[in-house]
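A.B. asks: Provided herewith is a single structure, encoded as structure tokens, for subsequent inquiry.
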Amino acid sequence: MAKSFNQRFFNQDNAFFRFMGVGFDLIELNVLTLVCCLPVVSAGASITAMHAVLWRMVRNEETYIARQFFDAFRRNFKQSMAAWLPMLAIGLVMAVDILMLGSLPASLHTIMVVVLTVVGLLVAACAQYLFALISRYRNPLGIQLKNAALLAIGFFPRTVGMLAILVVFALLSVRYFLYAIPLLIMFGVSLPQYCCAWLYEPIFRRIDQQQDR
């Protein structure tokens, strides 16, 4: 009986070791993503490379975190940067608008908050699909953008689910920032995106099946 339990417990395929393996992979992936985001202009390529690893993890494919990350980083760098820089510019404009909210009249303040929230969610929704698409399919950027928008609308419940995951993680990170710094370094980007990957992976699996027909 004890021998049977020990065999099950130390079996590398049991749930505990699989859970720990995913955890360590997410830590490695998170650190790589954060480090490669530091130059700012390379953040798009870093996010794309992260998605290239995540959808393999969700599919339970053989995963070599660093090797696959840097391979995707180099391969998609130009297109990812071209997609990222306009989003960065939009983010900077929104940041300036947020800083100016306090000086606005109450009526205009409410309108601006609504506008900024809607724009932020729209950009986040498109970005969520866009960088995953770039990591996976070879298309011109215009087509990638169009497909990202179509997926965000066409799979609206999944889009809402991903946005909810990202918003909850963001709010918790801001609320408990000082306490959460170690966790943010280990899981702050990769964990919420890993949760999102479980939502978008069935969409891409369906696309793959349609392309194979």
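The values are calculated or read from the model by the stated rules, or taken from the named source; none is laboratory data. Keep in mind that this is a model prediction, so the values were computed, not measured. For neighbour counting, all protein chains shown are included, and Cβ atoms are generated from backbone atoms with ideal geometry for every residue, glycine included.
A.B. asks: Test each condition in (1) over 16 Å from ALA45 (Cα atoms); (2) within 22 Å of the chain's Cα centre (by Cα); (3) surrounded by fewer than 13 Cβ atoms within 10 Å (Cβ to Cβ) for SER107 and report the one that comes out false.
C.D. replies: If we test SER107 against (1) over 16 Å from ALA45 (Cα atoms); (2) within 22 Å of the chain's Cα centre (by Cα); (3) surrounded by fewer than 13 Cβ atoms within 10 Å (Cβ to Cβ), just (2) comes out false.
A.B. asks: Now, a different point. Counting only residues that are under 19 Å from LEU199 (Cβ atoms), hydrophobic (A, V, I, L, M, F, W, C) and either modelled with pLDDT of 95 or more or surrounded by fewer than 11 Cβ atoms within 10 Å (Cβ to Cβ) (or both), how many does the range 3-54 have?
C.D. replies: So the answer is 7.
Yes/no matrix, rows are residues, columns are (1) among the acidic types (Asp, Glu); (2) surrounded by fewer than 15 Cβ atoms within 10 Å (Cβ to Cβ); (3) within 17 Å of the chain's Cα centre (by Cα); (4) on the phi < 0 side of the Ramachandran plot:
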position: VAL118; (1), (2), (3), (4): no, yes, no, yes
position: ALA125; (1), (2), (3), (4): no, no, yes, yes
position: GLN128; (1), (2), (3), (4): no, no, yes, yes
position: ARG136; (1), (2), (3), (4): no, no, yes, yes
position: ALA148; (1), (2), (3), (4): no, no, yes, yes
position: ILE153; (1), (2), (3), (4): no, yes, no, yes
position: VAL168; (1), (2), (3), (4): no, yes, yes, yes
position: PHE177; (1), (2), (3), (4): no, yes, no, yes
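A.B. asks: Answer yes or no as to whether MET57 is among the aliphatic types (A, V, I, L, M), more than 29 Å from THR117 (Cα to Cα) and crowded, with 19+ Cβ neighbours inside 10 Å.
C.D. replies: Considered against the rule, which asks whether it is among the aliphatic types (A, V, I, L, M), more than 29 Å from THR117 (Cα to Cα) and crowded, with 19+ Cβ neighbours inside 10 Å, MET57 comes out as yes.
A.B. asks: Can you run down the residue pairs with Cβ atoms below 6 Å, 6 or more apart or on separate chains, where the first is in the range 184-206 and more than 21 Å from VAL35 (Cβ to Cβ) and the partner is part of a loop (DSSP other than H, G, I, E, B)?
C.D. replies: ILE203/PHE155
A.B. asks: While we're on this one: Given the conditions (1) surrounded by 13 or more Cβ atoms within 10 Å (Cβ to Cβ); (2) at pLDDT 95 or above, and given that ARG74 satisfies all but one, which numbered condition is not satisfied?
C.D. replies: (1)
A.B. asks: Look through the range 77-122, keep the residues that are at pLDDT 90 or above and not hydrophobic (A, V, I, L, M, F, W, C), and return whichever of them is farthest from ARG136 (Cα to Cα).
C.D. replies: THR117
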